[in-house]
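Colleague: Pasting a structure here, questions to come.
The values are calculated or read from the model by the stated rules, or taken from the named source; none is laboratory data. The shown structure was predicted, so the numbers you read here are calculated from the model rather than taken from an experiment. Cβ coordinates were reconstructed from backbone atoms using ideal geometry, including for glycine residues, and neighbour counts include every protein chain displayed.
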Amino acid sequence: MSADLSELYQQVILDHNKRPRNRGKLPTANRVAHGDNPTCGDQCNVYLRLDGDRIAEISFDGSGCAISQASASLMTTQVKGRTGPEVESLYRQFHHIVTSGETPDEISDLAAFAGVHTFPARIKCATLGWHATLNALKGDAADATTEKHTD
Amino acid sequence: MNPALHSALVAGPAADRWKNVRADFPILHQDVHGKPLVYLDNAATAHKPRAVIDALVRFYERDNSNVHRGLHALSMRATDAYEGARARVARFINAADPSEIIFTRGTTESVNLVARSVAATLRPGDVILCTEMEHHSNLVPWQQAARASGATLEFVPVLGTDAEGGLDLAALDALLTPHVKVFAFTHISNTLGCINPVAELCRRARAVGALSVIDAAQSIGHGPLDVRALGADYVAFSGHKMCGPTGIGVLYGRRALLDKLAPDETGGGMVVTVDYAGAKWKPAPERFEAGTPNVADAVALGAACDYLDALGRPEIARHDEALAALAYEKLSALPGIRLLGPRAGGARRGLVSFAFADVHAHDIVTFADEDGVALRGGHHCNQPLMRKLGLTSTTRASFYVYNTEQEIDVLVASLRRILKFFGSA
Ligand SMILES: Cc1ncc(COP(=O)(O)O)c(C=O)c1O
């Protein structure tokens, strides 16, 4: 297997893909958002229970490639307990990692996604769950999509 | 190339052409990620033989000019080449007359043209009949036509949990009422690989007075196609899937129908006389070709027709069926695989698409690419069918004249490695 591929499919990613965390519907959710990636057909629903402005609980479900599913799973573990602005700042870090391949100084599981940057077509897979969460936080009823589209 | 396969398929003068077929395609001779390219994405687009590339270059180097209205030498040569290509395509599909060939950008534009033009003749109460296996290009334009005209859109169901039963022909009796004005269907499904009984479908449409519209995108380059033997009213296809360039395609329409059909786009080149109040249309095909046409690509499409006829289209059909059957058989042995479309021995040509429960198509395509194998993963512009089958995506391997049995072995070996990596085998 090439170095690029093993960078892309890090152990952390494979693990989250095989044993996703916080997967399923959240009966107590007070915010829901749906994300889809029309080019691949990847789908991701995010369920939040907001307590004030903090994410008290979060789960996701949907279907998609290992990158999209692992990223959504890892995302849920990272954003729990955080406020909207904190999640946005985390997303900016994550976006920088997957687009530049540069990893942050502090140790973070998000760095596992650095290998995505050599596969530009897969960046959308990695950000799908994040987009859905950001929309859920905003209370945006519109579906998150990785493409700009009009009906 | 495939000595065993080809001695069984081809004898006589075409045998030598088949032996050298890979040498005709310059693009095949490259490595991808350090591995020889194994191109199995032919249903998306096919590669171009040297003869087609040369035709394109020759036109731009020698004959390039605008067509029809010119009186100088180059313009006359360009016009002859363009109209010659039209006649060549007419022969390729056995149309009664070159004027039945309208050049478009491709299948999508061809279907849009006929759907928009026919929509103007539809009323509420009329029915447009499609099938559940249509590519978005032969579905969305009909949804729009239904919306614009008030007609209803109905669908011939697809049978079987893996769509292995193809179209539900028994349902046709109830669906094909005299209210049906258009019946639009694909010849070969780009997702299932099944060959639909298009001659029968055209006959059944005609029996109730409905127009038949065939999406021949996946069949045109993969075997014989005789529009008159089929009794088709309209046939749409793309040049780029039959060794021709991108940006050129065809709408075939029966002359008697085209003469009655209103133009879709208007402008220069499609009018006889114009004054400030209005204009009179030329007859088909010019009526449907407003503006400067895609002359060079049409000429190269003519060269693609020559190339495919020289290989022999019945031979191409047998080759593409043999490879699809072999791939189906070899892929069947992979643990956990779900194969779509006709089962072993069924009417399948050119492609196989499949899914695994725990490994997603996009991971497969990314991994296979590292082995030099070009596949396609996704919904293949077939979202409603995918949903019906409970899938969001499949991986598709599609074959053409230059693919070999050995390449199927490379594919299978690559898939085995991928399954192992993801812990599924
Ligand atoms: C069955 C079918 N119909 C229509 C199309 C659309 O062809 P094009 O994109 O060349 O217009 C395709 C190709 O993707 C196809 O496979």
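Colleague: Restricting to the range B:365-412, and then to whatever is within 13 Å of chain A (Cβ to nearest Cβ) and polar (S, T, N, Q), can you tell me which residue is surrounded by the most Cβ atoms within 10 Å (Cβ to Cβ)?
Modeller: Here the residue is B:395.
Colleague: Filter the range B:213-245 down to the residues that are within 26 Å of residue B:47 (Cα to Cα), in a helix (DSSP H, G or I) and more than 12 Å from the ligand (Cβ to nearest atom) and list them by number.
Modeller: B:227
Colleague: Also: Checking residue B:353 against (1) surrounded by 23 or more Cβ atoms within 10 Å (Cβ to Cβ); (2) touching a helix residue (DSSP H, G or I) at 6+ places or on another chain (Cβ under 7 Å); (3) closer than 14 Å to residue B:375 by Cβ: exactly one of these is not met. Which one?
Modeller: Of (1) surrounded by 23 or more Cβ atoms within 10 Å (Cβ to Cβ); (2) touching a helix residue (DSSP H, G or I) at 6+ places or on another chain (Cβ under 7 Å); (3) closer than 14 Å to residue B:375 by Cβ, only one is false for residue B:353: (2).
Colleague: Those residues that are crowded, with 22+ Cβ neighbours inside 10 Å and either of a type outside the set (Asp, Glu) or over 20 Å from residue B:401 (Cβ atoms) (or both), I need them from the range B:313-327; list them, please.
Modeller: B:316, B:319, B:323, B:324, B:327
Colleague: Is there any pair with a first residue in the range B:223-239 that is over 21 Å from residue B:311 (Cβ atoms) and in contact (Cβ under 8 Å) with a residue 12 or more places away in the chain and a second that is more than 15 Å from the ligand (Cβ to nearest atom) and part of a loop (DSSP other than H, G, I, E, B) whose Cβ atoms are under 6 Å apart and which are 6 or more apart or on different chains, and what are they?
Modeller: Cβ pairs passing all conditions: B:228/B:94; B:233/B:254.
Colleague: Looking at (1) surrounded by 19 or more Cβ atoms within 10 Å (Cβ to Cβ); (2) within 24 Å of residue A:138 (Cβ to Cβ); (3) within 14 Å of chain B (Cβ to nearest Cβ), which one does residue A:61 not meet, given that it meets all the others?
Modeller: Going through (1) surrounded by 19 or more Cβ atoms within 10 Å (Cβ to Cβ); (2) within 24 Å of residue A:138 (Cβ to Cβ); (3) within 14 Å of chain B (Cβ to nearest Cβ) one by one, residue A:61 breaks only (1).
Colleague: Now, a different point. Taking the range B:88-104 on its own, how many of its residues are closer than 17 Å to residue B:303 by Cα and of a type outside the set (Val, Ile, Thr)?
Modeller: Here the count works out to 7.
Colleague: Every residue in the range A:90-139 that is more than 14 Å from chain B (Cβ to nearest Cβ), assigned to a loop (DSSP other than H, G, I, E, B) and in contact (Cβ under 8 Å) with a residue 60 or more places away in the chain, please.
Modeller: Once the filter is applied, which keeps residues that are more than 14 Å from chain B (Cβ to nearest Cβ), assigned to a loop (DSSP other than H, G, I, E, B) and in contact (Cβ under 8 Å) with a residue 60 or more places away in the chain, the range A:90-139 yields only A:139.
Colleague: Same structure again: Within the set of pairs 6+ apart or on separate chains, which have a first residue in the range B:320-336 that is on the phi > 0 side of the Ramachandran plot, a second that is of a type in the set (Val, Ile, Thr), and C-beta atoms under 9 Å apart?
Modeller: As it stands, the answer is B:336/B:359, since those pairs meet every condition given.
Colleague: Sticking with this structure for a sec: Quick check on residue B:122: is it of a type outside the set (Phe, Trp, Tyr), within 30 Å of residue B:324 (Cβ to Cβ) and at pLDDT 95 or above?
Modeller: Against the criterion (of a type outside the set (Phe, Trp, Tyr), within 30 Å of residue B:324 (Cβ to Cβ) and at pLDDT 95 or above), residue B:122 does not qualify.
Colleague: Provide a single number: the residues in the range A:40-58 that are within 14 Å of chain B (Cβ to nearest Cβ) and either over 10 Å from residue A:125 (Cα atoms) or crowded, with 21+ Cβ neighbours inside 10 Å (or both).
Modeller: The qualifying residues number 5.
Colleague: I've got another one for you. Has the range A:65-78 got any residue that is assigned to a loop (DSSP other than H, G, I, E, B) and modelled with pLDDT under 95?
Modeller: yes
Colleague: Return the residues of the range B:240-264 that are at pLDDT below 95 and in contact with a Ser or Thr (Cβ under 7 Å, 6 or more places away or on another chain); say none if nothing qualifies.
Modeller: Within the range B:240-264, B:261, B:262, B:264 qualify.
Colleague: Could you tell me which of the residues A:25, A:18 is within 13 Å of chain B (Cβ to nearest Cβ), surrounded by fewer than 18 Cβ atoms within 10 Å (Cβ to Cβ) and charged (D, E, K, R)?
Modeller: None of the other options fit; the residue is A:18.
Colleague: Still on this structure: Given (1) touching a Leu at 6+ places or on another chain (Cβ under 9 Å); (2) of a type in the set (S, T, N, Q); (3) surrounded by fewer than 13 Cβ atoms within 10 Å (Cβ to Cβ), identify the lone condition not met by residue B:20.
Modeller: (1)
Colleague: For residue B:80, indicate whether it is surrounded by fewer than 23 Cβ atoms within 10 Å (Cβ to Cβ), more than 16 Å from the ligand (Cβ to nearest atom), outside any helix (DSSP H, G or I) and among the charged types (D, E, K, R).
Modeller: No.
Colleague: Now for a separate question. Cβ contacts < 7 Å: first residue closer than 8 Å to residue A:70 by Cβ, restricted to the range A:1-16; second residue buried (at least 18 other Cβ atoms within 10 Å of the Cβ) and not small (Gly, Ala, Ser), any location; separation 6+ or different chain. Result?
Modeller: Close Cβ pairs satisfying both conditions: A:13/A:67; A:16/A:74.
Colleague: Looking at this structure, is residue B:217 buried (at least 21 other Cβ atoms within 10 Å of the Cβ) and in contact with a Ser or Thr (Cβ under 9 Å, 6 or more places away or on another chain)?
Modeller: yes
Colleague: With the checklist (1) of a type in the set (Ser, Thr, Tyr); (2) without any contact (Cβ under 8 Å) to a residue 12 or more places away in the chain; (3) closer than 30 Å to residue B:53 by Cβ in hand, flag the one item residue B:273 doesn't pass.
Modeller: Residue B:273 satisfies all of (1) of a type in the set (Ser, Thr, Tyr); (2) without any contact (Cβ under 8 Å) to a residue 12 or more places away in the chain; (3) closer than 30 Å to residue B:53 by Cβ except (3).
Colleague: Another question about this same structure. Where residues in the range B:347-389 are at pLDDT 95 or above and on the phi > 0 side of the Ramachandran plot, which of them is nearest to the ligand (Cβ to nearest atom)?
Modeller: So the residue we want is B:350.
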